[in-house]
Amino acid sequence: MSRLLTFVATAALSLAIGAGAASAQDFRALARQDLQRAHDELAANHPAPAIPGAASQGFRAWLDAGLQESLGMANRVNSGDSHAYLLRYYARGFRDSNIAVSPTFEGMGPYFGISWPGFTTGWRDGRYVVTYVKPGTRGAPRVGDVVVECNVTPIEEFARAKLDRWEGNLETEAGRVTSAPYLMWNRNNPFAAGVPSQCSFQSGRGRPRDIQIRPVPVVAGDLEAAYRATVYMPPATPLAIESVNGRPWVHVHSFADSAGWQAFNAAVEAQVATLRGPQGFVLDLRAASGSGLNSSTARGYGLANRIWTPEFTVSRQPAAGDLTYRATQGNRDWYAAALGRMEADPQFVQEAMPVIEQTREIVAAFDAAIAAGQPTFTLAGRAAVPDTGAPNPVQGPVIVLVDAGCSGGCLDTLDLLTKLPNVRLAGSTTATDSIFVEPTQLRLPSNYSDLSYGHKAWTSRPRPNNTPFTPAQGLAWTGNPTDEAAVRTWVGTLFGG
């Protein structure tokens with residue numbers, strides 16, 4: 001629910017507190033400037049320094065140490081992409097998915113690389129395993145071989161140097177899954193090794209064998225084919241309903257505004273009687289990421305309400321509980337600016353006056369706390385709603401399918417869905433998110449990057465900080481995540497037929 005606590009962020013996501021752009025030609029200077037500004041903004045306004053407990057410990061440990069480590073690498077920044085890599089490294093060092101530095105230009109994308117060895121690895125059952133070999137590649141390992149070491153370095157150590165923070169958070173299962181294909185690629189990251197020169201692979205229980213690795217040029221389509229053979233990627237149409245083996249299969253692979261929600265919601269409403277039938281249905285949330293201007297969580301809750309009705313879901317929605325704000329002038333100004341834009345929008349005034357009134361109360365609470373010299377203040381969020389006694393309109397079982405790509409609003413939606421009767425979670429472990437929620441977005445001085453971070457602490461969230469959803473035993477998919485036919489066959493068995 002971290003993206004639905006209030007709708008203040010809805011009117012404020014476009015806020016970019018500008019600073020004069022430095023020379024675009026010295027990327028080293030730009031990197032130092034942006035790193036320092038990101039550090040200073042987080043130190044001044046992020047809730048973690050003022051919140052006790054384990055959720056804040058990682059932030060405090062990395063804030064200054066990570067800055068110095070990152071500044072020590074700034075001399076190697078020589079392009080926009082390497083600038084983005086270094087800023088990403090600092091942001092990901094907090095181990096908080098709600099802290100991010102994103103390039104303002106079109107970046108490299110998941111299929112980018114300048115060379116590769118003709119094969120790719122994936123993260124399977126706690127190991128790096130060969131998942132794809134381009135036909136015709138000579139001297140390559142076999143699909144299924146386990147990587148033991150590379151460049152005379154144990155594979156865990158090699159992977160952390162090559163991938164951790166640069167390509168994903170290797171402290172999480174999801175970060176392992178999504179970054180694993182890059183273990184052997186050269187992604188033109190000047191801070192990490194490219195294609196290794198030698199690796200050791202193990203087939204079954206046999207002895208590991210060394211293979212000399214030779215980089216090969218990238219041919220158009222190579223890396224996309226390799227990645228898609230390793231990590232599930234959503235279809236071109238992210239929102240859709242189809243029938244699979246006589247049962248509705250509801251696809252929700254994006255929470256972005258651009259995904260086509262209006263037509264999809266209309267389709268859900270038109271087919272709701274079938275969805276509620278005794279045969280049950282599948283809700284496929286694999287790779288469901290992205291954000292909306294208003295609230296990505298609202299998309300998920302809106303879908304649930306269309307299927308189960310608001311009367312039935314309301315008592316099962318997680319209570320917001322206490323929300324703690326860090327009482328700084330910067331945070332106060334953020335809310336005041338958001339309030340000003342709300343009040344200047346006649347349509348918003350007409351449709352969302354309670355949100356405006358709530359935001360006024362928050363600004364007033366900031367003023368009172370700052371005047372009193374208080375470092376924080378706490379406001380009560382949405383309280384739990386007693387069960388209304390409304391009947392469950394969904395007659396059949398529901399399988400909610402997830403994977404490492406389920407993040408952000410997808411996790412908030414699962415907070416609700418997993419509390420509904422006859423709903424079972426299946427697939428693989430999701431991403432994680434922190435208790436520091438609702439984004440402040442800041443344009444960094446170079447104009448090449450945006451910093452975003454959660455500006456309030458949901459200290460009473462029922463789901464602990466950085467905790468993923470993991471399907472229970474018997475509901476975990478252990479096969480190839482990209483074998484769609486096998487996945488669908490397996491999901492069918494979960495309904496008992």
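Observations on the model:
- Net charge of Cβ neighbours under 9 Å - reference LEU442; Lys, Arg +1; Asp, Glu -1: 0
- Within region 103-145, the proportion of C-alpha pairs whose separation exceeds 13 Å stands at 63%.
- Straight-line cross-link partners of LYS134 among the aspartates and glutamates, defined as a Cα under 14 Å from its Cα and at least 8 positions apart when in the same chain: ASP222, GLU224.
- Under 15 Å, Cβ to Cβ, from GLU224 - net charge with Lys/Arg +1 and Asp/Glu -1: +2
- Mean separation of Cα pairs under 8 Å and 6 or more residues apart, divided by the residue count, gives region 192-236 a relative contact order of 28 percent.
- Rounded to the nearest 10 square angstrom, PHE264 shows an accessible area of 10 square angstrom against a 1.4 Å probe.
- Candidate lysines for bridging to LYS162, where Cα separation is under 16 Å - those fewer than 8 sequence places away on the same chain excluded: none
- The alpha carbon radius of gyration of the chain, expressed as a multiple of 2.2 N^0.38 Å, is 1.02.
- Amide H contacts of LYS456: VAL437, each under 5 Å away and 5 or more positions distant or on a separate chain (H built 1.01 Å from N in the peptide plane; Pro and chain starts excluded).
- Cross-link reach list, lysines versus LYS456, counting only Cα pairs under 27 Å and skipping chain neighbours closer than eight places: LYS419
- Expressed as a whole percent, the accessible area of the chain that falls on carbon and sulfur atoms is 52 (1.4 Å probe).
- Kirkwood analysis of region 132-278, using all unique Cα-Cα pairs, places the hydrodynamic radius at 18.6 Å.
- Cα shape, region 102-209, gyration tensor, a/c 1.5 rule: prolate
- Placing one equal scatterer on every Cα of region 401-466 and applying the Debye formula, the log10 ratio I(q)/I(0) at q = 0.18, 0.20, 0.22 Å⁻¹ is -0.79, -0.89, -0.99.
- Only DSSP H runs of four or more residues enter the estimate; each adds -39500 (n - 2.57), and after division by the residues of the chain the mean residue ellipticity at 222 nm equals -10000 deg cm²/dmol.
- Difference of contour (0.36 nm per residue) and Cα-Cα distance, ARG207 to THR378: 55.6 nm
- Bins of 5 Å, starting at 0 and running to the largest distance - Cα pair percent for region 332-461: 2, 7, 11, 14, 15, 16, 14, 10, 7, 3, 1, 0
- Residues in the chain average 41 Å² of solvent-accessible surface per residue, probe 1.4 Å, ligands and nucleic acids excluded.
- Contour excess over end-to-end distance, with Cα ends at ASP322 and ASP64 and 0.36 nm allotted per residue: 90.0 nm
- Cβ-derived FRET efficiency at R0 22 Å, SER79 paired with ALA43, nearest 0.05: 0.20
- Percentage relative contact order, the chain, counting C-alpha pairs under 8 Å, at least six apart: 23
The values are calculated or read from the model by the stated rules, or taken from the named source; none is laboratory data. Treat the numbers as computed from the prediction; the structure is a model and nothing was measured. Note that each Cβ is placed from the backbone with ideal geometry, even for glycine, and that neighbours are counted across all protein chains shown. Protein only, heavy atoms only, side chains kept; ligands, DNA and RNA dropped before computing areas. Shrake-Rupley method; radii C 1.70, N 1.55, O 1.52, S 1.80 Å.
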